[in-house]
Amino acid sequence: MTIHTRSTLPFRVAIVGATMAAASLWIAHPHGAQAAAVDRGSRDYTLPEQMSWRDGESGRIANLYGDPSKPGLYAYLAKRGPNTWSMPHFHDSDLFVTVLEGTIWVGTGTFDPQRTVPLSAGSFVRDVARGIHFEGTKEEGATLYVVGIGPSSDHPAAAATVSGTGSANVIDPAISQIQRIEDQPKESFALYGDSSKPGLYLQYQRRAPNNWSTPHSHPIDRLLMVMGGTMLIGTGPSGDKTSTVAVPKGGFVHDIARGVHYDGSGNDPMWLLTAAIGPTATVNVDPPK
């Protein structure tokens, strides 16, 4: 996956003002959530309309966490317009791409848009480090969620190094490992790695409607992308469901290490993609007495 970046009468008026402010906050969060209720030092978030987009050579980019050019975990969104293709290239380290909207067509080896596999929303691909691949869109375009560990640069593949993958296989599994949404389990499962062991891991979590966690924390930072439904997030040990913020599909949540938080699904099923560097654990927190 290649994305190029260019690299307030005083007392009475005060009461009225405060009341109006509270009312507007309630309107802004129709699920009863209040932004002030969430401690950003424990759990930060970015709603879809708050994404900061910039133009790049292959589309638009919204950085969410970290920096691909620096050491450490990073995450960003990439929007590809219709009929946009990359030429064969490779990355210094593994790249993990999840399709949020639209369809991305992926291929390995020699550039040939006819020898590609379509991956629709919910599908996942691991681009293996230094494996030569390409990808593109057709009429509908695509929005992609990209996670990796930097530093990692994109390198165009020299023509002499580009080879076909053979007539039998469109995708060389040693270069791009794909999981189509049609073939995935219907419940939670690991996409890559193991949260109990060192290294990067990614996992899908599916929750039934109105399903809540108890207050807890994690020893490491975690990154969550809402793939479907609505995630209601709160912080602190109370577990108060009325003091949450609604994060819809396409919203991003950053769990800060050792920050106490809780969350639940709304009236629809919820689908999350979690990424972090293990090993990690879930530490339950007793509610205040």
Output ³J(HN,Hα) for the range 185-194: one whole-Hz value per residue in order, computed from phi by the Karplus curve 6.51 cos²θ - 1.76 cosθ + 1.60 with θ = phi - 60°, and x for Gly and Pro.
-> x, 8, 10, 5, 6, 7, 7, 7, x, 9
What net charge do the residues around THR137 carry, taking every other residue with its C-beta under 14 Å from that of THR137, with Lys and Arg at +1 and Asp and Glu at -1?
-> 0
Provide the net charge surrounding PHE96, with neighbours chosen by a C-beta distance below 10 Å and charges set as Lys +1, Arg +1, Asp -1, Glu -1.
-> -1
State the extension gain, in nm to one decimal, for the chain segment bounded by SER93 and LYS241, taking 0.36 nm per residue of separation less the distance between their alpha-carbons.
-> 49.2 nm
Report the charge-dipole magnitude of the range 105-260 in Debye, nearest 20, computed about the Cα centre from +1 at each Lys and Arg Cβ and -1 at each Asp and Glu Cβ.
-> 400 debye
What FRET efficiency do you get for TRP212 and GLU139 if R0 is 45 Å and r is their Cβ-Cβ distance, rounded to the nearest 0.05?
-> 0.65
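Read-outs throughout are calculated quantities, based only on the coordinates presented, and are distinct from any laboratory measurement. Because the structure is predicted, anything quoted here is derived from the model rather than measured. Positions of Cβ are generated from backbone atoms using ideal geometry, with glycine treated the same way; all protein chains shown enter the neighbour counts.
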